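Participant: Attaching a single structure in structure tokens format; questions to follow.
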Amino acid sequence: MASKLWASRAASYLRISLFHRGFATVIKDFKYADTHEWVKVDGSSATVGITDHAQDHLGDVVYVELPEVGAVVTQGGSFGAVESVKATSDINSPISGKVVEVNEELSSSPGLVNASPYENGWIIKVEIENSDEVKSLMDSDQYSKFCEEEDAKH
Amino acid sequence: MTACGTRNIGPPLINLVRLKGVPILRQLHLEERLLRTSLDNWCIINDGTDDPTVVMGISGKPVELLEIDSVIRDEIPVIRRFTGGGTVIVDNGTIFVTFICNKDAVPGLQSYPRPIMSWSSLVYRKVFQGIGEFSLRENDYVLGNHKFGGNAQSIIKNRWVHHTSFLWDYEISNMGYLKLPKRAPEYRQARSHLEFMCRMKDYIPRSNFISRTIDAVGSHFLVRSMELEAIMYNSGTKFKPSSRLLRKQELEEAKFDSQTSIAVSQSLQM
């Protein structure tokens with residue numbers, strides 16, 4: 001396949017390994033967006049972060065751009081960014097609502113996103129606008145399969 | 001569709017915009033607008049900018065990266081851009097090349113930082129074939145072990161931008177406005193700016209670099225030339241770019257905060 005050919009040529013030229021970890025961890029009860037963010041719903045509140053798959057592919061995070069408390073987020077819309085390997089990458093919200101808390105720890109310790117993507121590396125907490133939106137997200141099994149298929153294509 | 005019913009899919013189209021001497025802030029605003037509001041692929045080449053300008057990445061802190069006293073004294077503009085990465089000082093000796101692409105423009109390319117960076121190095125390897133020992137080293141473009149291009153990226157849901165400032169030439173005195181960065185690649189080995197970098201003009205004529213770059217782009221895309229006037233700001237598009245010029249007051253506040261913190265630290269040690 002052309003995609004594997006150029007990738008292996010690049011890897012050979014650059015003398016790097018194409019190997020990512022063969023798996024990325026998921027948390028069973030969380031929900032997942034196809035842009036690799038997770039959401040943990042607790043009644044009318046939700047906590048949002050990026051997945052283990054995302055942090056592994058992004059590389060070491062050196063900066064997190066956080067939204068203001070009170071900002072409105074919409075499902076699929078960007079609300080912040082992470083910086084890694086000279087790149088800013090948008091973070092998109094899996095759920096619509098209002099930001100009620102941001103993880104201030106990330107300002108001094110952005111690496112928490114890599115070290116603990118599902119716990120200490122959480123990014124925002126949201127007051128949910130429409131709980132039905134969660135139904136459009138993937139569960140952990142669906143998301144694991146999604147990641148495998150995405151990696152296999154490239 | 002061909003007569004036998006199979007579909008010929010050629011390379012993706014890319015719009016090539018050639019600029020000369022456009023101010024770097026205007027270039028950054030154009031790039032960010034095209035990234036966020038266009039559905040096309042773009043290659044922008046800006047052959048030099050105007051006045052010497054410092055350009056920091058999104059997370060850049062002036063007090064850590066700049067000799068602030070000199071920057072303020074000499075009124076050097078300081079911009080914070082929308083992409084990641086480090087700090088550069090650009091002028092009319094800098095050549096800018098930018099790719100803005102849909103995530104499926106390059107077959108099999110995952111839109112994450114390292115794959116995009118690797119792909120870009122394949123483009124420039126072609127540019128420098130037979131000219132110098134080009135490689136991508138710890139995310140820098142180098143000839144031998146000397147950096148000659150700084151690059152940075154921004155990735156959104158379905159698109160990405162990869163842009164590079166190439167040092168075709170530079171003023172030694174301008175490098176004095178930049179501190180040695182705290183975050184530096186290992187291969188730099190604490191070398192000063194002048195020992196670490198090289199000038200592209202020692203390897204290739206300016207116009208050759210640009211024409212070879214366009215040829216290299218043509219090996220990945222179907223290139224369509226476009227004039228800047230054709231994509232000038234559409235007043236109907238509500239888009240506010242985030243790259244901005246830092247105010248003098250911000251630089252002075254950063255200097256004051258730094259001096260205050262040093263004074264407090266020294267008094268605590270007494």
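FYI, it's all coordinate maths here, none of it is from the lab. The structure presented is a predicted model; accordingly, all values stated were derived computationally and were not measured. Here the Cβ is made from the backbone with ideal geometry for all residues, glycine too, and neighbour counts use every protein chain on show.
Participant: With a cut-off of at most 13 other beta carbons within 10 Å, and DSSP calling the residue loop, which trypsin sites (Lys or Arg not before Pro) in the stretch B:1-103 qualify? Please list them.
Facilitator: Sparse-neighbourhood loop trypsin sites (Lys or Arg not before Pro): B:ARG7.
Participant: If one takes the longest principal axis of the Cα atoms in chain B, at what angle in degrees, from 0 to 90 and to the nearest 10, does the Cα axis of helix B:113-127 lie?
Facilitator: Helix B:113-127 and the main axis of chain B meet at about 70 degrees.
Participant: Okay, moving on. Using a Förster distance of 30 angstrom, determine the FRET efficiency expected from the C-beta separation of A:GLU119 and B:ARG26, and round it to 0.05.
Facilitator: 0.10
Participant: Could you tell me the relative contact order of the stretch B:93-246? Use alpha-carbon pairs under 8 Å, at least six residues apart, and round to a whole percent.
Facilitator: 25 percent
Participant: Quick one: helix B:206-218 against the long Cα principal axis of chain B, what's the angle to the nearest 10°, folded into 0 to 90?
Facilitator: Tilt of helix B:206-218: around 50 degrees.
Participant: For the protein assembly as shown, what ratio Rg/Rh do Cα atoms give with a Kirkwood hydrodynamic radius?
Facilitator: 0.97
Participant: Nearest 0.05, what FRET efficiency do B:LEU228 and A:ASP60 give at R0 = 35 Å with Cβ-Cβ as r?
Facilitator: Plugging the Cβ-Cβ distance into 1/(1 + (r/R0)^6) gives 0.40.
Participant: For B:ASN208 and B:GLN259 in one chain, what is 0.36 nm times their gap in residues minus the Cα-Cα distance, to one decimal in nm?
Facilitator: 13.6 nm
Participant: If I stretch the segment between B:GLU252 and B:GLU75 completely, what's the gain in nm (0.36 nm per residue apart, minus their alpha carbon distance), one decimal?
Facilitator: Length gained, B:GLU252 through B:GLU75: 62.5 nm.
Participant: Can you tell me, using C-alpha contacts under 8 Å and at least 6 residues apart, the relative contact order of chain A as a whole percent?
Facilitator: 26 percent.
Participant: Okay, next question. Would you mind getting me the FRET efficiency between A:LYS98 and B:GLU133? Use the beta-carbon distance for r and R0 = 56 Å, nearest 0.05.
Facilitator: E(calc), rounded to 0.05, equals 0.55.
Participant: Can I ask one more? Dipole magnitude of the stretch A:31-74 about its Cα centre, charges +1 at Lys/Arg Cβ and -1 at Asp/Glu Cβ only, in debye to the nearest 20?
Facilitator: Here the size comes out at about 200 debye.
Participant: Hey, another quick one. Can you spot the lysines whose alpha carbon is less than 16 Å from A:LYS125's alpha carbon? Ignore those fewer than 8 places along the same chain.
Facilitator: A:LYS31, A:LYS40, A:LYS98
Participant: With a cut-off of 8 Å between alpha carbons and a minimum separation of six or more residues, what is the relative contact order of the stretch B:10-269 in percent?
Facilitator: Dividing the mean separation by the residue count of the stretch B:10-269 yields 26 percent.
Participant: Measure of size requested: the Rg and Dmax of the stretch B:10-269, with Cα atoms as the atom set and Å as the unit; please supply both.
Facilitator: Both quantities, over Cα of the stretch B:10-269: 18.8, 68 Å.
Participant: State the Cα centre-to-centre distance between the stretch A:124-139 and the stretch B:87-109 in whole Å.
Facilitator: 36 Å
Participant: Another question, then. For chain A, what does the equivalent ellipsoid look like in terms of its semi-axes, each the square root of 5 times an eigenvalue of the Cα gyration tensor, given largest first in whole Å?
Facilitator: 28, 18, 13
Participant: Using the alpha-carbon atoms, what tilt in degrees (0 to 90, nearest 10) does helix A:140-153 show relative to the longest principal axis of chain A?
Facilitator: Approximately 30 degrees, to the nearest 10.
Participant: Then there's this: Put +1 on the Cβ of every Lys and Arg and -1 on every Asp and Glu Cβ in chain B; which of B:MET56, B:PRO115, B:GLY144 then has its Cα farthest towards the positive end of the dipole?
Facilitator: Of the listed residues, the answer is B:PRO115.
Participant: Straight-line reach only, C-alpha to C-alpha below 22 angstrom: list the lysines that B:LYS179 could link to, leaving out same-chain residues fewer than 8 apart.
Facilitator: Reachable lysines: A:LYS86, B:LYS61, B:LYS147, B:LYS248, B:LYS255.
Participant: Now, a different point. Return the calculated 222 nm mean residue ellipticity for chain B, to the nearest 500 deg cm²/dmol, obtained by summing -39500 (n - 2.57) across DSSP H runs with n ≥ 4 and dividing by the residue count.
Facilitator: -9000 deg cm²/dmol
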